[in-house]
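In what follows, a structure is listed as C-alpha coordinates, so that the remarks can point back to it.
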Amino acid sequence: MRTPTLLRLHIVGAKNMLKRLILLTLLPVVIAGCAVNQDDTFQFALLGDNPYSPATYPIYERLIEHVNRDADIEWVLHVGDVKGGNASCSDTELLRYFDLNQRFEKPFIVTPGDNDWLDCKRRDAGGYDEYERLETFRRIFYPLRGQTFGNEPMQILQQSTAHLEFSEFVENAMWRKQEVVFATVHVVALTEPATDPRRWKKRVAAATAWIRRAFEEARTTDAKAVFLSMQADPWIFFGLPLMAANNCPNCNLPRKSLEWLYPLLAEESIAFEKPVVLAVGDTHVFRVDKPLYTDAGALVTNFTRVESFGHPLVNWVSVLVEPDSPWVFSFRQQLVE
(Lines give C-alpha, C1' and ligand atoms only; values in the text may rest on other atoms or scores of the structure.)
Protein backbone atom coordinates (compact mmCIF):
# COMPACT_ATOMS: atom_id res chain seq x y z
CA MET A 1 0.00 0.00 0.00
CA ARG A 2 1.22 3.51 -0.73
CA THR A 3 1.56 6.14 1.90
CA PRO A 4 0.66 9.50 0.32
CA THR A 5 3.06 11.47 2.49
CA LEU A 6 4.79 14.02 0.30
CA LEU A 7 8.16 15.43 1.21
CA ARG A 8 8.36 18.42 -1.09
CA LEU A 9 11.77 19.93 -0.99
CA HIS A 10 12.19 23.51 -2.09
CA ILE A 11 15.81 23.71 -3.12
CA VAL A 12 16.97 27.26 -3.44
CA GLY A 13 18.72 27.85 -6.73
CA ALA A 14 19.12 30.33 -9.52
CA LYS A 15 16.09 31.39 -11.52
CA ASN A 16 15.27 29.27 -14.52
CA MET A 17 17.09 30.38 -17.64
CA LEU A 18 15.50 30.61 -21.06
CA LYS A 19 15.07 27.20 -22.63
CA ARG A 20 17.64 26.63 -25.30
CA LEU A 21 16.36 26.10 -28.81
CA ILE A 22 19.06 23.57 -29.59
CA LEU A 23 20.57 21.29 -26.96
CA LEU A 24 23.88 19.61 -27.81
CA THR A 25 25.37 16.94 -25.58
CA LEU A 26 27.51 13.82 -25.73
CA LEU A 27 25.13 12.02 -23.38
CA PRO A 28 22.23 9.88 -24.59
CA VAL A 29 18.97 11.75 -24.19
CA VAL A 30 16.29 9.49 -22.75
CA ILE A 31 12.93 10.79 -23.98
CA ALA A 32 9.79 8.77 -24.51
CA GLY A 33 8.29 9.34 -27.93
CA CYS A 34 9.41 11.60 -30.71
CA ALA A 35 8.28 14.91 -29.26
CA VAL A 36 8.67 16.47 -25.85
CA ASN A 37 5.35 17.23 -24.18
CA GLN A 38 4.80 20.60 -22.60
CA ASP A 39 4.55 18.80 -19.27
CA ASP A 40 8.16 17.77 -18.73
CA THR A 41 7.70 16.20 -15.30
CA PHE A 42 8.64 12.57 -14.70
CA GLN A 43 9.28 10.13 -11.84
CA PHE A 44 11.70 7.40 -10.95
CA ALA A 45 12.12 4.90 -8.11
CA LEU A 46 14.93 5.22 -5.56
CA LEU A 47 15.86 2.30 -3.30
CA GLY A 48 18.85 0.58 -1.75
CA ASP A 49 20.37 -1.63 0.94
CA ASN A 50 17.98 -4.45 0.03
CA PRO A 51 17.03 -7.26 -0.13
CA TYR A 52 20.07 -8.33 1.98
CA SER A 53 19.13 -12.01 2.27
CA PRO A 54 16.64 -14.62 1.04
CA ALA A 55 14.68 -14.04 4.25
CA THR A 56 13.52 -10.67 2.90
CA TYR A 57 12.94 -11.87 -0.66
CA PRO A 58 9.13 -12.06 -0.31
CA ILE A 59 8.88 -8.42 0.77
CA TYR A 60 11.37 -7.32 -1.89
CA GLU A 61 9.35 -9.19 -4.50
CA ARG A 62 6.30 -7.20 -3.38
CA LEU A 63 8.39 -4.03 -3.68
CA ILE A 64 9.21 -4.96 -7.28
CA GLU A 65 5.52 -5.54 -7.99
CA HIS A 66 4.72 -2.24 -6.29
CA VAL A 67 7.15 -0.34 -8.49
CA ASN A 68 6.06 -2.17 -11.64
CA ARG A 69 2.44 -1.17 -11.04
CA ASP A 70 3.37 2.50 -11.19
CA ALA A 71 3.21 3.34 -14.88
CA ASP A 72 4.80 6.75 -14.30
CA ILE A 73 8.14 5.34 -13.17
CA GLU A 74 10.86 5.92 -15.78
CA TRP A 75 13.66 3.88 -14.17
CA VAL A 76 14.76 2.22 -10.91
CA LEU A 77 17.88 3.54 -9.18
CA HIS A 78 19.47 1.30 -6.53
CA VAL A 79 22.13 2.97 -4.35
CA GLY A 80 23.96 -0.28 -3.62
CA ASP A 81 24.22 -3.14 -1.14
CA VAL A 82 22.02 -5.61 -2.98
CA LYS A 83 22.99 -8.11 -0.27
CA GLY A 84 23.93 -8.15 3.40
CA GLY A 85 27.54 -7.76 4.50
CA ASN A 86 27.70 -11.30 5.86
CA ALA A 87 25.62 -12.90 3.08
CA SER A 88 27.43 -15.18 0.64
CA CYS A 89 29.36 -13.51 -2.17
CA SER A 90 29.43 -16.63 -4.33
CA ASP A 91 28.74 -16.38 -8.05
CA THR A 92 25.52 -18.30 -7.48
CA GLU A 93 24.23 -15.80 -4.92
CA LEU A 94 25.27 -12.74 -6.91
CA LEU A 95 23.51 -14.16 -9.95
CA ARG A 96 20.43 -14.77 -7.79
CA TYR A 97 20.37 -11.10 -6.76
CA PHE A 98 20.87 -10.05 -10.37
CA ASP A 99 17.99 -12.24 -11.56
CA LEU A 100 15.77 -10.88 -8.78
CA ASN A 101 16.35 -7.28 -9.85
CA GLN A 102 15.89 -8.26 -13.46
CA ARG A 103 12.17 -8.49 -12.63
CA PHE A 104 11.84 -4.72 -12.67
CA GLU A 105 10.00 -3.81 -15.86
CA LYS A 106 11.78 -0.46 -16.22
CA PRO A 107 15.53 0.19 -16.63
CA PHE A 108 17.51 -0.78 -13.51
CA ILE A 109 20.66 1.12 -12.49
CA VAL A 110 22.79 0.11 -9.51
CA THR A 111 25.96 1.54 -7.98
CA PRO A 112 28.09 -0.93 -5.97
CA GLY A 113 27.95 -0.95 -2.19
CA ASP A 114 30.57 -2.22 0.23
CA ASN A 115 28.47 -5.33 0.93
CA ASP A 116 28.54 -6.18 -2.76
CA TRP A 117 32.33 -6.65 -2.96
CA LEU A 118 34.44 -4.96 -0.27
CA ASP A 119 33.01 -7.01 2.60
CA CYS A 120 33.29 -10.25 0.67
CA LYS A 121 36.60 -10.82 2.45
CA ARG A 122 34.62 -11.55 5.63
CA ARG A 123 34.63 -15.20 6.62
CA ASP A 124 30.82 -15.39 6.73
CA ALA A 125 30.64 -13.93 3.22
CA GLY A 126 33.05 -16.53 1.87
CA GLY A 127 36.49 -15.11 2.60
CA TYR A 128 37.04 -13.93 -0.97
CA ASP A 129 39.58 -11.53 -2.39
CA GLU A 130 37.48 -8.37 -2.50
CA TYR A 131 38.85 -7.06 -5.79
CA GLU A 132 38.21 -10.36 -7.51
CA ARG A 133 34.62 -10.09 -6.27
CA LEU A 134 34.39 -6.51 -7.57
CA GLU A 135 35.31 -7.76 -11.03
CA THR A 136 32.70 -10.50 -10.70
CA PHE A 137 30.07 -7.97 -9.58
CA ARG A 138 30.91 -5.80 -12.57
CA ARG A 139 30.67 -8.74 -14.94
CA ILE A 140 27.27 -9.81 -13.59
CA PHE A 141 25.55 -6.49 -12.94
CA TYR A 142 26.83 -4.53 -15.96
CA PRO A 143 26.45 -7.02 -18.81
CA LEU A 144 25.52 -4.47 -21.49
CA ARG A 145 27.99 -1.79 -22.49
CA GLY A 146 26.32 1.59 -22.80
CA GLN A 147 23.03 0.27 -21.46
CA THR A 148 21.30 -0.54 -18.20
CA PHE A 149 19.72 -3.91 -17.60
CA GLY A 150 16.07 -4.63 -16.85
CA ASN A 151 13.27 -5.45 -19.23
CA GLU A 152 13.60 -2.04 -20.90
CA PRO A 153 17.32 -1.22 -21.17
CA MET A 154 18.16 2.48 -21.25
CA GLN A 155 21.14 4.12 -22.91
CA ILE A 156 23.78 5.52 -20.56
CA LEU A 157 27.28 6.91 -20.78
CA GLN A 158 29.82 4.86 -18.80
CA GLN A 159 33.08 6.18 -17.43
CA SER A 160 34.81 3.12 -18.90
CA THR A 161 34.32 4.62 -22.36
CA ALA A 162 34.33 8.32 -21.48
CA HIS A 163 37.61 8.26 -19.51
CA LEU A 164 40.04 5.73 -20.92
CA GLU A 165 42.29 5.96 -17.84
CA PHE A 166 39.35 4.53 -15.86
CA SER A 167 38.38 1.82 -18.33
CA GLU A 168 37.38 -0.67 -15.60
CA PHE A 169 34.73 1.61 -14.07
CA VAL A 170 31.68 0.38 -15.95
CA GLU A 171 29.58 1.08 -12.84
CA ASN A 172 29.98 4.86 -13.07
CA ALA A 173 27.13 5.92 -15.35
CA MET A 174 25.60 9.17 -16.57
CA TRP A 175 22.44 10.05 -18.45
CA ARG A 176 20.13 13.01 -18.99
CA LYS A 177 16.42 13.58 -19.21
CA GLN A 178 14.52 16.83 -19.62
CA GLU A 179 17.54 19.04 -18.91
CA VAL A 180 18.52 17.21 -15.72
CA VAL A 181 21.85 15.35 -15.44
CA PHE A 182 21.97 12.07 -13.50
CA ALA A 183 25.09 10.14 -12.48
CA THR A 184 26.02 7.12 -10.38
CA VAL A 185 29.38 7.23 -8.63
CA HIS A 186 31.14 4.27 -7.03
CA VAL A 187 31.91 5.53 -3.51
CA VAL A 188 32.08 3.28 -0.45
CA ALA A 189 33.43 4.20 2.98
CA LEU A 190 36.29 2.22 4.48
CA THR A 191 35.97 1.02 8.07
CA GLU A 192 39.58 -0.20 8.09
CA PRO A 193 42.71 0.63 6.08
CA ALA A 194 42.55 -0.26 2.40
CA THR A 195 44.14 -3.60 1.60
CA ASP A 196 45.37 -2.10 -1.67
CA PRO A 197 45.96 1.66 -1.26
CA ARG A 198 46.82 2.03 -4.93
CA ARG A 199 43.43 0.73 -6.04
CA TRP A 200 41.67 2.82 -3.41
CA LYS A 201 43.38 5.97 -4.71
CA LYS A 202 42.36 5.12 -8.25
CA ARG A 203 38.75 4.59 -7.16
CA VAL A 204 38.78 8.02 -5.49
CA ALA A 205 40.34 9.57 -8.60
CA ALA A 206 37.69 7.96 -10.81
CA ALA A 207 34.86 9.16 -8.55
CA THR A 208 36.30 12.68 -8.44
CA ALA A 209 36.65 12.83 -12.22
CA TRP A 210 33.12 11.50 -12.73
CA ILE A 211 31.52 13.98 -10.33
CA ARG A 212 33.34 16.82 -12.08
CA ARG A 213 32.25 15.42 -15.44
CA ALA A 214 28.60 15.45 -14.33
CA PHE A 215 28.78 19.11 -13.35
CA GLU A 216 30.70 19.96 -16.51
CA GLU A 217 27.96 18.30 -18.54
CA ALA A 218 25.32 20.24 -16.60
CA ARG A 219 27.05 23.56 -17.24
CA THR A 220 27.72 22.81 -20.90
CA THR A 221 24.09 21.91 -21.58
CA ASP A 222 22.63 24.58 -19.27
CA ALA A 223 20.95 21.81 -17.26
CA LYS A 224 18.44 22.75 -14.59
CA ALA A 225 19.68 20.32 -11.92
CA VAL A 226 22.16 17.55 -11.07
CA PHE A 227 21.29 14.27 -9.34
CA LEU A 228 24.19 12.15 -8.03
CA SER A 229 23.89 8.76 -6.34
CA MET A 230 26.37 6.65 -4.38
CA GLN A 231 26.33 4.08 -1.60
CA ALA A 232 28.43 5.87 1.04
CA ASP A 233 26.65 8.27 3.37
CA PRO A 234 29.04 11.13 4.26
CA TRP A 235 26.85 12.23 7.18
CA ILE A 236 26.04 9.22 9.38
CA PHE A 237 25.16 11.53 12.27
CA PHE A 238 23.88 14.96 11.38
CA GLY A 239 22.26 17.92 13.07
CA LEU A 240 22.76 21.65 13.23
CA PRO A 241 26.53 22.12 13.53
CA LEU A 242 26.48 23.96 16.88
CA MET A 243 23.96 21.54 18.40
CA ALA A 244 25.88 18.53 17.08
CA ALA A 245 29.17 19.90 18.38
CA ASN A 246 27.71 20.38 21.86
CA ASN A 247 26.19 16.91 22.04
CA CYS A 248 28.52 14.86 19.86
CA PRO A 249 31.93 16.52 19.34
CA ASN A 250 33.03 14.03 16.68
CA CYS A 251 29.80 14.01 14.67
CA ASN A 252 30.82 16.93 12.47
CA LEU A 253 34.18 15.43 11.57
CA PRO A 254 34.62 14.15 8.00
CA ARG A 255 33.91 10.46 7.74
CA LYS A 256 37.06 8.39 7.51
CA SER A 257 38.17 7.72 3.91
CA LEU A 258 35.68 10.32 2.58
CA GLU A 259 37.62 13.45 3.49
CA TRP A 260 38.12 14.24 -0.20
CA LEU A 261 34.39 14.25 -0.97
CA TYR A 262 33.07 17.19 1.08
CA PRO A 263 35.07 20.05 -0.48
CA LEU A 264 34.46 18.60 -3.94
CA LEU A 265 30.67 18.58 -3.46
CA ALA A 266 30.71 22.06 -1.96
CA GLU A 267 32.90 23.52 -4.70
CA GLU A 268 30.90 22.07 -7.59
CA SER A 269 27.48 22.76 -6.05
CA ILE A 270 28.27 26.39 -5.25
CA ALA A 271 29.66 26.97 -8.74
CA PHE A 272 26.62 25.34 -10.37
CA GLU A 273 24.13 27.38 -8.26
CA LYS A 274 21.10 25.33 -9.32
CA PRO A 275 19.57 22.37 -7.42
CA VAL A 276 21.91 19.47 -6.61
CA VAL A 277 20.79 16.23 -4.94
CA LEU A 278 23.02 13.47 -3.59
CA ALA A 279 21.20 10.16 -3.09
CA VAL A 280 22.88 7.75 -0.67
CA GLY A 281 22.25 4.55 1.23
CA ASP A 282 24.56 2.98 3.81
CA THR A 283 22.87 3.96 7.09
CA HIS A 284 19.36 2.75 6.20
CA VAL A 285 17.62 5.92 7.45
CA PHE A 286 15.09 7.56 5.15
CA ARG A 287 15.76 11.29 5.30
CA VAL A 288 15.84 14.44 3.23
CA ASP A 289 18.03 17.25 4.55
CA LYS A 290 20.74 19.81 3.87
CA PRO A 291 23.96 18.62 5.55
CA LEU A 292 26.63 20.24 3.37
CA TYR A 293 28.56 23.21 4.75
CA THR A 294 31.65 25.02 3.53
CA ASP A 295 34.86 25.07 5.56
CA ALA A 296 33.81 28.55 6.69
CA GLY A 297 30.58 27.15 8.13
CA ALA A 298 28.19 28.43 5.45
CA LEU A 299 25.30 26.19 4.42
CA VAL A 300 25.35 25.14 0.77
CA THR A 301 21.69 25.93 0.22
CA ASN A 302 21.24 24.42 -3.23
CA PHE A 303 22.57 21.01 -2.11
CA THR A 304 20.30 18.31 -0.66
CA ARG A 305 20.83 14.77 0.55
CA VAL A 306 18.16 12.09 0.18
CA GLU A 307 18.71 8.68 1.73
CA SER A 308 16.61 5.70 0.77
CA PHE A 309 15.10 3.14 3.11
CA GLY A 310 17.30 0.17 4.01
CA HIS A 311 17.18 -3.23 5.67
CA PRO A 312 15.17 -4.28 7.63
CA LEU A 313 12.72 -1.79 6.07
CA VAL A 314 11.95 -2.84 2.51
CA ASN A 315 10.44 0.33 1.06
CA TRP A 316 11.24 2.75 -1.74
CA VAL A 317 11.08 6.44 -2.59
CA SER A 318 9.30 7.96 -5.57
CA VAL A 319 11.28 10.93 -6.91
CA LEU A 320 9.24 13.50 -8.81
CA VAL A 321 11.26 15.64 -11.19
CA GLU A 322 9.78 18.99 -12.24
CA PRO A 323 12.49 20.70 -14.30
CA ASP A 324 10.60 23.99 -14.56
CA SER A 325 10.04 24.33 -10.81
CA PRO A 326 12.54 26.18 -8.58
CA TRP A 327 13.18 23.07 -6.46
CA VAL A 328 13.08 20.49 -9.33
CA PHE A 329 12.99 17.41 -7.03
CA SER A 330 10.30 16.17 -4.63
CA PHE A 331 10.33 12.94 -2.65
CA ARG A 332 7.43 10.68 -1.71
CA GLN A 333 7.91 7.68 0.55
CA GLN A 334 6.36 4.44 -0.66
CA LEU A 335 5.75 1.84 2.05
CA VAL A 336 5.40 -1.83 1.13
CA GLU A 337 3.43 -4.02 3.51
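Structural remarks
- The C-beta contact set for the range 156-185 (first residue farther than 21 Å from VAL76 by Cβ and among the small types (Gly, Ala, Ser), second residue at pLDDT 95 or above and buried (at least 20 other Cβ atoms within 10 Å of the Cβ), distance under 6 angstrom, 6+ apart or interchain) comprises SER160/PHE169; SER160/VAL170; SER167/SER160.
- Residues that are polar (S, T, N, Q) and under 18 Å from PRO326 (Cα atoms), drawn from the range 175-220: GLN178
- Checking each residue in the range 235-257 for being touching a residue at least 60 places away in the same chain (Cβ under 8 Å) and under 18 Å from VAL300 (Cα atoms) picks out only TRP235.
- Residues in the range 94-117 include none that are farther than 24 Å from LEU46 by Cβ and in contact with a Ser or Thr (Cβ under 8 Å, 6 or more places away or on another chain).
- Scanning the range 158-168 for residues that are crowded, with 16+ Cβ neighbours inside 10 Å, at pLDDT below 95 and outside any loop (DSSP other than H, G, I, E, B) turns up just one, ALA162.
- Unique match (being in a loop (DSSP other than H, G, I, E, B), under 30 Å from ARG69 (Cβ atoms) and of a type in the set (S, T, N, Q)) among SER257, SER330, SER318, SER325: SER325
- Each residue in the range 227-282 was checked for being surrounded by fewer than 16 Cβ atoms within 10 Å (Cβ to Cβ), closer than 29 Å to GLU322 by Cβ and either among the aliphatic types (A, V, I, L, M) or in contact with a helix residue (DSSP H, G or I) (Cβ under 8 Å, 6 or more places away or on another chain) (or both), and 3 of them qualify.
- All positions within the range 125-157 that are part of a loop (DSSP other than H, G, I, E, B) and either within 17 Å of ALA207 (Cβ to Cβ) or touching a Ser or Thr at 6+ places or on another chain (Cβ under 8 Å) (or both): ALA125, GLY126, TYR142, ARG145, GLY146, MET154, ILE156
- Flag if ARG139 is modelled with pLDDT of 95 or more and under 22 Å from LEU95 (Cβ atoms): yes
- Just one residue in the set SER257, SER229 is at positive phi and out of contact with any Cys (no Cβ under 9 Å at 6 or more places or on another chain); that residue is SER257.
- Flag if ALA244 is touching a Cys at 6+ places or on another chain (Cβ under 6 Å) and more than 23 Å from ASN115 (Cβ to Cβ): yes
- With respect to (1) in contact with a strand residue (DSSP E or B) (Cβ under 6 Å, 6 or more places away or on another chain); (2) assigned to a helix (DSSP H, G or I), the lone exception for VAL181 is condition (2).
The values are calculated or read from the model by the stated rules, or taken from the named source; none is laboratory data. Please read all numbers here as calculations on a predicted model, not as lab measurements. So basically every Cβ, Gly included, is an ideal-geometry build from the backbone, and we count neighbours across all protein chains shown.
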